[in-house]
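*Asks:* Take a look at the following structure, please.
The values are calculated or read from the model by the stated rules, or taken from the named source; none is laboratory data. Just so it is clear, the model here is predicted, and its values are computed rather than measured. Virtual Cβ from ideal backbone geometry, glycine too; neighbours counted across all protein chains shown. Ligands, DNA and RNA are stripped out before the accessible areas are found, and what is left, the full protein with its side chains, is counted by its heavy atoms. Shrake-Rupley method; radii C 1.70, N 1.55, O 1.52, S 1.80 Å.
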2 protein chains.
Amino acid sequence: MEEINNIEVTPCTESDYLKPLRVHYNQNGTKKSWDFMRTHDSVSVLIFNTSSHCFVLVKQFRPAVFMCEWERNKTQPPQSAEKPEEGASEAAAPAAEPQEGQSAAEGESSSSPWPPAAAGVTYELCAGLVDKPNLSLEEIARQEVLEECGYDVPVAKLKRITSYRSGVGVTGAKQTMFYAEVSDDNCVSAGGGEPGEGELIEVVKVPLHEAMTFAYDERIPKTMGVIFSFIWFHNNMSPKYKISTNV
Amino acid sequence: MEEINNIEVTPCTESDYLKPLRVHYNQNGTKKSWDFMRTHDSVSVLIFNTSSHCFVLVKQFRPAVFMCEWERNKTQPPQSAEKPEEGASEAAAPAAEPQEGQSAAEGESSSSPWPPAAAGVTYELCAGLVDKPNLSLEEIARQEVLEECGYDVPVAKLKRITSYRSGVGVTGAKQTMFYAEVSDDNCVSAGGGEPGEGELIEVVKVPLHEAMTFAYDERIPKTMGVIFSFIWFHNNMSPKYKISTNV
């Protein structure tokens, strides 16, 4: 699907996106410090299309996931590569020290070749950062559904599922998850994100009857939000929509 | 519970824990770059105590969460502070630019007072980093259950629930979730983590019949792993253990 090449990793002394900070504090009288990063809160949206009885997800190449896969494969013996169904035999791969200035072309037969681009592609809920001070969470969620997936859905149709903390060790941001029912009539564009902002998002549909199998298939790289929201739907919407329960 | 004071935030030019890297690549012919951080994969464990019919969670002060709450409160008008049940009225707070050299004591009546320590305390699954090259994921999970929660559970009793990608924008690490049934007979210590490593972990029990209410109560700060795993248990273990379904 994606073609990824000319990969090169460099140290990053000054980033507009990742700004480590250090907080010093006393906890019950003991002096401590912790390195963290400030980040925005976020929203995510489980979209269900009632015309096609499909969930609408986004799929995109995630450089951080790609690098993580490369790291893991590099330190894993080839014969134990990714056999999720055999949990006990999966080698626990350590993250190695940062490699500075690494460079290799995809498929190059070096000692640690780059994985296929697909290794960095993940299925995710439609989501976005809470970075617009004057908009409610619902309005931000609505904009993301429109920009990423092409559905124009009224704010009033966004149902709040719940909220939780993410990345508690590093960012501690709050994520709020919504549910949006859409129909083909709400579809006003192809979605795909903002190409001007470098977004290359593919909109994908997961049929309702395949949802639970999809959720637990570890060969399909996805976020916990996808798994949780599919199960939430299964538990809360199944009286309304028939869903396969053979999992 | 926790007493947190003498809080000071400083820039962090050199961190042993957060090392931003930049990957340059071509995606379908377009030159791109992405800032990310290398991190370890991790394991988490849903622990169910069959003697007391309770889930066993860990609770700890998370500096990153605390800072995030401070950030959000600082930019939110006081009257709209944390009303999860009124999602539509919750102001969308932006993360402001990093504040260098901020310093304030807890409760100080400055323009942006520190929140109570409780704002940084989260409920989480027992979890740990995959940073020991010679141990399987199950063995690492077993060690975490012992160190953090004080239960000595054989590796063979760890059931793999599933795996997923976390922090897809920044770290992209893989998390694998396990389920462990324990009894009071397996309890060999109080748990609480490794004080030598600065861990201050409180082991808490959530009774089975309160689990679903706990999961969806947004006033209780928690990770998505807690919510997802409680629901997974509800769906998969409820024939075995009676669980309240009035949610």
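*Asks:* Inspect the range B:119-130 for any residue being over 27 Å from B:Val9 (Cβ atoms), open to solvent by 60 Å² or more (accessible area, probe 1.4 Å) and either among the small types (Gly, Ala, Ser) or not in a strand (DSSP E or B) (or both) and give the result as yes or no.
*Replies:* no
*Asks:* Any chance the range A:216-227 includes a residue that's without any contact (Cβ under 8 Å) to a residue 24 or more places away in the chain and farther than 22 Å from B:Phe36 by Cα?
*Replies:* Within the range A:216-227 (the criterion being without any contact (Cβ under 8 Å) to a residue 24 or more places away in the chain and farther than 22 Å from B:Phe36 by Cα), the answer is yes, since at least one residue qualifies.
*Asks:* Within the range A:150-177, how many residues are touching a residue at least 24 places away in the same chain (Cβ under 8 Å), more than 8 Å from chain B (Cβ to nearest Cβ) and either out of contact with any Asp or Glu (no Cβ under 7 Å at 6 or more places or on another chain) or not in a helix (DSSP H, G or I) (or both)?
*Replies:* Selection size over the range A:150-177: 7.
*Asks:* Another question, then. In the range B:181-231, how many residues are at the interface with another protein chain (Cβ under 10 Å from one of its Cβ atoms), among the aliphatic types (A, V, I, L, M) and surrounded by 20 or more Cβ atoms within 10 Å (Cβ to Cβ)?
*Replies:* 6
*Asks:* If you take the residues of the range A:49-68 that are out of contact with any Pro (no Cβ under 7 Å at 6 or more places or on another chain) and surrounded by fewer than 22 Cβ atoms within 10 Å (Cβ to Cβ), which of them is nearest to the other protein chains (Cβ to nearest Cβ)?
*Replies:* Checked the range A:49-68; the qualifying residue nearest to the other protein chains (Cβ to nearest Cβ) is A:Gln60.
*Asks:* Hey, another quick one. Of all residues in the range B:26-39, how many are open to solvent by 10 Å² or more (accessible area, probe 1.4 Å), of a type outside the set (Lys, Arg) and either more than 7 Å from every other protein chain (Cβ to nearest Cβ) or touching a Pro at 6+ places or on another chain (Cβ under 7 Å) (or both)?
*Replies:* 5
*Asks:* Scan the range A:10-25 for residues that are open to solvent by less than 70 Å² (accessible area, probe 1.4 Å) and of a type in the set (S, T, N, Q) and jot them down.
*Replies:* Those that are open to solvent by less than 70 Å² (accessible area, probe 1.4 Å) and of a type in the set (S, T, N, Q): A:Thr10, A:Ser15.
*Asks:* Same structure again: Just checking, which of A:Glu144, A:Glu138 is buried (at least 21 other Cβ atoms within 10 Å of the Cβ), more than 7 Å from chain B (Cβ to nearest Cβ) and at pLDDT 95 or above?
*Replies:* A:Glu144
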